[in-house]
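The values are calculated or read from the model by the stated rules, or taken from the named source; none is laboratory data. Given the structure is predicted, the values throughout are model-derived calculations rather than measurements. Every residue, glycine among them, receives a Cβ derived from its backbone with ideal geometry; neighbour counts consider all protein chains shown. For the accessible areas, the whole protein counts, side chains as well, though only heavy atoms, and no ligand, DNA or RNA atoms are used. Shrake-Rupley method; radii C 1.70, N 1.55, O 1.52, S 1.80 Å.
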Amino acid sequence: MSDFFSSVADYYNYLIYIVLMVIGLYAIIAKKNLVKKIVGMNIFQTAIILFYVSIGAKRGATIPIIEHGHGEAVHGAGSQAIKAAEYINPLPHVLMLTAIVVAVATLGVALALAIRVYNRYETLEEDEILAQLREK
Amino acid sequence: MRTLGILVAALTCALLFYAMGDFPPWADPGSAAHTHVSPRYIEKTMEETSVPNAVTAVLADYRGFDTMFETTVIFAAGVVCFFILRLPKKEGPIFRRYRHTLTGMTIRVKCTRKIPPVLEEFEMIDNLWAPHDLIIKTSCRILVPFLQLFGLYVIAHGHHSPGGGFQGGVILGASMILLAISHDLRTALARMGEKVHALLCPIGVLIYAGTGALCLVLGRDFLDYGALAGILHVDPVTARSHGILIVEIGVGLAVMATMIWIYNNISSRGEYDEGL
Amino acid sequence: MIWELDLVILSLVVVAAVGAIAIKDLLGSAILFGAYSFMMCLLWAIMGAVDVAFTEASVGAGVSTVFFVAAVFRTTRRSKD
């Protein structure tokens with residue numbers, strides 16, 4: 001039984017990342033409202049970030065800020081060696097940190113486009129916009 | 001479209017579940033991601049840059065080129081919002097509402113799109129939604145300076161604690177957005193106008209790229225902050241730490257200005273007269 | 001890293017994501033997306049990614065929710081699906 005639980009804990013993160021990604025993909029394709037599509041796009045992005053951060057997690061390690069790393073003591077010969085196994089992998093964090101900020105910038109552009117579309121067609125529904133385009 | 005969506009989603013789901021078996025178990029210290037590049041970053045960051053926060057060191061020094069273009073992407077997003085919403089000319093007269101401050105009377109005036117100057121006895125109020133809540137206005141006004149102080153702390157203390165240019169810039173931008181929400185957009189624009197944030201945005205990117213170019217001029221590689229040691233009168237390792245701080249300030253300025261720029265454009269539909 | 005807490009919050013995240021997609025009111029969708037982002041931020045704090053959690057708390061739960069509310073205010077709350 002405990003075997004089952006530990007195997008669930010091993011792969012649950014990846015399972016949820018797949019579920020979230022599929023939710024986002026479904027929303028982008030099948031939802032007709034433009035703002036819903038943008039929400040779906042953001043959920044998709046967050047799922048990818050969840051995947052990367054899950055890869056970066058390390059058992060028995062602490063956050064990637066070097067302990068006793070202040071002041072001049074570190075330059076001296078007395079400082080103990082830093083072991084990589086004691087700290088979580090910082091590389092996925094760096095990549096995803098910038099990805100989040102770029103995500104909010106693209107969100108701003110997407111919402112600006114949605115507002116322009118609403119100003120022109122007075123609706124956010126994809127089928128109504130397409131119907132108006134066909135009439136012309 | 002609905003069936004197609006379900007079909008594509010199910011197909012992707014099946015493929016990803018099939019691939020999931022090859023992933024290493026969650027938080028396994030022996031997985032490939034933990035054994036190749038990152039140990040070098042963790043072990044050498046203190047020795048080479050004297051920055052305890054490994055994320056900041058990797059972000060601004062080891063992968064500085066990457067971060068520079070991320071900042072450029074954010075700047076580009078701000079400019080694109082400006083082009084989409086602000087630039088197209090709007091036609092026709094509009095109506096504005098004014099409140100006479102002495103009598104409390106509200107009048108409706110037909111005028112042009114240009115925002116008129118501030119008058120003594122008349123206060124301009126929003127057409128769509130004009131709440132007047134003293135408690136919210138006062139508490140937000142008290143909160144804003146502390147938020148900005150915290151934002152500056154987050155930028156400056158990113159070497160030793162979680163934080164850095166991106167987070168601090170967003171907090172600084174959020175403080176101005178809070179002012180715009182709790183009062184109105186005109187109050188926030190009087191504190192920080194359109195020209196100011198449109199200029200701060202490229203200045204932030206320029207600080208980043210300029211630091212890199214300065215290192216190039218001083219005879220080292222692009223963004224190799226060790227070259228700044230001669231100017232700053234410190235040893236090369238400390239110069240790297242200072243170089244990271246300069247770059248973080250540039251990132252903070254660019255991110256702050258872009259957040260305010262995008263918010264102003266979206267909330268006023270590009271007209272800059274009344275916001276959320 | 002406490003994996004029990006991790007499982008609970010991961011399940012809540014899926015509920016918030018499905019809610020944000022399924023709800024008919026766009027303002028409600030924006031608010032649920034804010035809740036989703038905040039729970040993601042908790043998740044990353046649990047996994048030790050403090051910088052990412054900090055960024056998500058200020059960007060995802062703060063500024064992007066404001067952007068959504070501003071866009072919904074400037075367009076419409078109505079949604080057919």
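Estimated from helices alone, the mean residue ellipticity of chain B at 222 nm is -19500 deg cm²/dmol (sum of -39500 (n - 2.57) over DSSP H runs with n ≥ 4, per residue). Could you state the angle between the C-alpha long axis of helix C:26-46 and the longest principal axis of the C-alpha atoms of chain C, as a value from 0 to 90 degrees rounded to the nearest 10? Its long axis makes an angle of about 10 degrees. For chain B, relative contact order (Cα pairs under 8 Å, six or more residues apart, normalised by length) works out to 23 percent. Is the stretch A:8-136 rounded, prolate or oblate when judged by the Cα gyration tensor, a ≥ b ≥ c being the square roots of its eigenvalues, rounded requiring a/c under 1.5 and prolate requiring a/b larger than b/c? It is oblate, given that a/c is not under 1.5 and a/b is not larger than b/c. In this structure, the amide hydrogen of A:ASN33, modeled 1.01 Å from its nitrogen in the peptide plane, lies closer than 5 angstrom to those of A:GLU126, C:ASP81, counting only residues at least 5 positions away or on a different chain.
For the peptides A:124-131, C:13-20, A:29-36, the ranking by mean Cβ contacts within 10 Å, running from highest to lowest, is A:29-36, C:13-20, A:124-131.
Once all protein chains are placed together, B:THR106 keeps about 70 Å² accessible to a 1.4 angstrom probe.
Please compute the alpha carbon radius of gyration of chain B, then divide it by the globular-protein estimate 2.2 N^0.38 Å. Two decimals is fine. Mind dumping the intermediate values first?
Values: Rg = 24.7 Å, N = 276, 2.2 N^0.38 = 18.6 Å.
Here the answer is 1.33, to two decimals.
Anything over 29 Å Cα to Cα? Flag those among A:LYS58/C:LYS24; B:LYS89/C:LYS24; A:LYS136/C:LYS80, in the order listed. It would help to have the intermediate numbers written out before the result.
Details: A:LYS58/C:LYS24 40 Å; B:LYS89/C:LYS24 34 Å; A:LYS136/C:LYS80 24 Å.
Where the Cα-Cα span goes over 29 Å, the pairs concerned are A:LYS58/C:LYS24; B:LYS89/C:LYS24.
Hydropathy at least 1.0 by Kyte-Doolittle, axial extent at least 30 angstrom from the Cα trace: which helices of chain A, defined as entire DSSP H runs, fit? Walk me through the numbers before you get to the answer.
Details: long enough: A:2-30 (40 Å, 1.37); A:34-56 (34 Å, 1.46); A:91-121 (45 Å, 1.55).
The qualifying helices are A:2-30, A:34-56, A:91-121.
Structural size metrics of the stretch C:3-74, computed from C-alpha coordinates, are Rg and Dmax of 12.7, 42 Å. Note on the protein assembly as shown: Rg/Rh from C-alpha atoms, Kirkwood Rh, equals 1.01.
For B:ILE125, the residues whose amide H sits under 5 Å from its own are B:ARG97, B:TYR98, B:ARG99, ignoring neighbours fewer than 5 places away on the same chain, with H placed 1.01 Å from N.
Against chain B, whose longest principal axis comes from its Cα atoms, helix B:2-20 is set at around 30 degrees.
Return the calculated 222 nm mean residue ellipticity for chain A, to the nearest 500 deg cm²/dmol, obtained by summing -39500 (n - 2.57) across DSSP H runs with n ≥ 4 and dividing by the residue count.
Working: 4 runs with 93 residues, N = 136.
That comes out to -24000 deg cm²/dmol.
Which whole number gives the average, over all residues in A:47-56, of C-beta atoms from other chains lying within 10 Å of the residue C-beta?
Working: counts 3, 0, 6, 6, 2, 3, 9, 9, 9, 10.
Per residue, the number of nearby Cβ atoms from other chains is 6 on average.
Given Cβ point charges of +1 (Lys, Arg) and -1 (Asp, Glu) and nothing else, what value in debye, to the nearest 20, does the dipole of the stretch B:165-276 about its Cα centre take? Before the final figure, lay out each step's value.
Values: 6 positive and 9 negative charges, 18 e Å.
Result for the stretch B:165-276 is approximately 80 debye, rounded to the nearest 20.
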